[in-house]
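Read the structure below first, then the notes.
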Amino acid sequence: MNTPYRRAANAAIVVSPRGEFLRGNGAAGELSQPGESIATLFVSGETVIAALNEAVQSGDVVVIDEIEFASGGSISLRVIPLPDGDGRCLIDFDAESTQLEPLEEAARQNDLRVQRLSEQLVTVTRELLNRTAQLAEQKQKIDAIINGMEEGLLGCDEQGRIIQINETAARLLQLEPSRVMQHPLHEAHPFTANAIGFDPDQPGALSRRNVNFTVAGRDIRVFSSPIVDETTGFKGFVLILLDRTKQAELDQMKADIISIVSHEMRSPLTSIKGYIDLLIGGDVGEVPESMMSYLGIVSQNANRLSSLIDDMLDLSRLEAGKLDMSFGRVDVNYLCDSVYLSMKPQAEAKRLEFRRDVETGLMVSGDVDRLQQALGNLTSNAIKYTPEGGMVAIEAMRENEGVILRVIDSGIGISANDQQRLFQKFFRVKNAKTRNIGGTGLGLCIARTIVEAHEGRIVIESSEGAGSKFTILLPEYQS
Ligand code: ADP
């Protein structure tokens, strides 16, 4: 852009009749100095002087097409005699010069590009401002939701420093948010850090867990979840805190009510059952045949009520952790045999093929009565839900570090959908096949609670119409 013809474009200068530079417009500023001959600017300066003379003499405009600059490039000139008659001329450097066109075009294109760029810049800046405003708005909304949550929420970074704490968490843990933000949890609330197993020397070792503890008389349940990024690894953790004070009180009340009601019902029921048995046994005289069938129904229902009460009592005690369990070494062979023998009459009554296949020498650690109850519930279900002539088997074997107790049947099976709710309290599958089979819907729930109290678990494999397989996994007894 700094070439002479670029500078000369649009220049206009006034020269003496001998071609000396007198003055020029802004564009001509650097072309020449006052007094200097403009002929020196061009390769053939005489052409300019000749044109000057011609213009002065003729009084007409003389045009020079394409004259070459001494320093390169060429331009067209118009020599215009000035009307004051002293021979001065105006030399107009033609901006339309062919040499200038590509340059001007390039300049124009550049201007356009710059203009487009600046427009894009404006759009991007506007977009950025919009996004920033949206982000700020979203953050406000999220903050409002987090603060409005009934659950406490506390977030820490990978060093265990508190980076988020909502009002509920602050209230439950009795912390002042502005004081603890950016402070390590193990300093701000060592009790919580300990309870969730946070080790400041190994923050990434934190695992997902639920714990209950009491702070200032409130029962709090805490769920801790590490945040792990697939590429960068451990990023921190989140704690959700629930105030269980009310729930714990309600649970206690519920357990108390169940226990009182059940106890109160148990004694009269025992007496009803006793008297019915006396009547049925003929101890108080002969009972006519017609009355016998009614007494049978009364007896059946009294037994049903009695097992419901037993189940409810067991469950409420198990859930409250009040069921005394005496742990010891349990011989799996004895456990399976006792369940097998007690269930044999029921299996025979239904003409089932009833088998047991137990590996010898297996031992688990646990409460023998409760384990009998859990295995008994599974076996009694297998018998109940297997049509006459079918098969039920109790198996036990060692697997890896544990012991497996398994009850298999060729019965009606359970759909995948029902399997999901099977261990819920009072849940019973309702279909044509189960309609006439009695039960409380508590047996599996009790079995699972017992097994979990033994640090084991129950797994079910079943499909509708194809039998069921209930497997109890227990850790092997360690001497
Ligand atoms: P229930 O007293 O009703 O048997 P459970 O808690 O023991 O209560 O079982 C819940 C439900 O699961 C039963 O009502 C039954 O529908 C289903 N179920 C349990 N065991 C079996 C089985 N072996 N085969 C088919 N269905 C079963």
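The values are calculated or read from the model by the stated rules, or taken from the named source; none is laboratory data. Not measured: the values here are computed from a predicted model. Ideal geometry is used to build each Cβ from the backbone, glycine not excepted, and the neighbour counts take in all protein chains shown.
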Does segment 231-244 contain at least one residue that is surrounded by fewer than 13 Cβ atoms within 10 Å (Cβ to Cβ) and within 15 Å of GLN159 (Cα to Cα)?
-> yes
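In this structure, does SER316 turn out to be among the hydroxyl-bearing types (Ser, Thr, Tyr), crowded, with 16+ Cβ neighbours inside 10 Å, at pLDDT below 90 and more than 31 Å from the chain's Cα centre (by Cα)? Show your work before the answer.
On the way: among the hydroxyl-bearing types (Ser, Thr, Tyr): yes; crowded, with 16+ Cβ neighbours inside 10 Å: yes; at pLDDT below 90: yes; more than 31 Å from the chain's Cα centre (by Cα): yes.
So SER316 passes the test.
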Within segment 427-464, tally of residues that are within 10 Å of the ligand (Cβ to nearest atom) and farther than 30 Å from GLY402 by Cα = 10
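Which of the following residues is small (Gly, Ala, Ser) and in contact with a Ser or Thr (Cβ under 7 Å, 6 or more places away or on another chain): GLY366, GLY411, GLY402?
Numbers: GLY366 fails: in contact with a Ser or Thr (Cβ under 7 Å, 6 or more places away or on another chain); GLY402 fails: in contact with a Ser or Thr (Cβ under 7 Å, 6 or more places away or on another chain).
Sole residue among the options that is small (Gly, Ala, Ser) and in contact with a Ser or Thr (Cβ under 7 Å, 6 or more places away or on another chain): GLY411.
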Looking at (1) touching a residue at least 60 places away in the same chain (Cβ under 8 Å); (2) more than 7 Å from the ligand (Cβ to nearest atom), which is the only condition SER468 fails?
-> (2)
Inside segment 34-96, counting only strands (runs of 3 or more DSSP E) that do not spill past its ends, which hold 1 or more residues that are surrounded by 17 or more Cβ atoms within 10 Å (Cβ to Cβ) and in contact with a Ser or Thr (Cβ under 7 Å, 6 or more places away or on another chain)?
-> 62-68, 74-81
Just one of SER259, SER307 is in contact with a Ser or Thr (Cβ under 9 Å, 6 or more places away or on another chain), touching a residue at least 40 places away in the same chain (Cβ under 8 Å) and more than 30 Å from ARG218 (Cα to Cα); which is it?
-> SER307
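Would you confirm, using the coordinates I've provided, whether SER415 is closer than 17 Å to VAL339 by Cβ and of a type in the set (S, T, N, Q)? Please lay out each step first, then the result.
Values: closer than 17 Å to VAL339 by Cβ: no; of a type in the set (S, T, N, Q): yes.
The answer is no for SER415.
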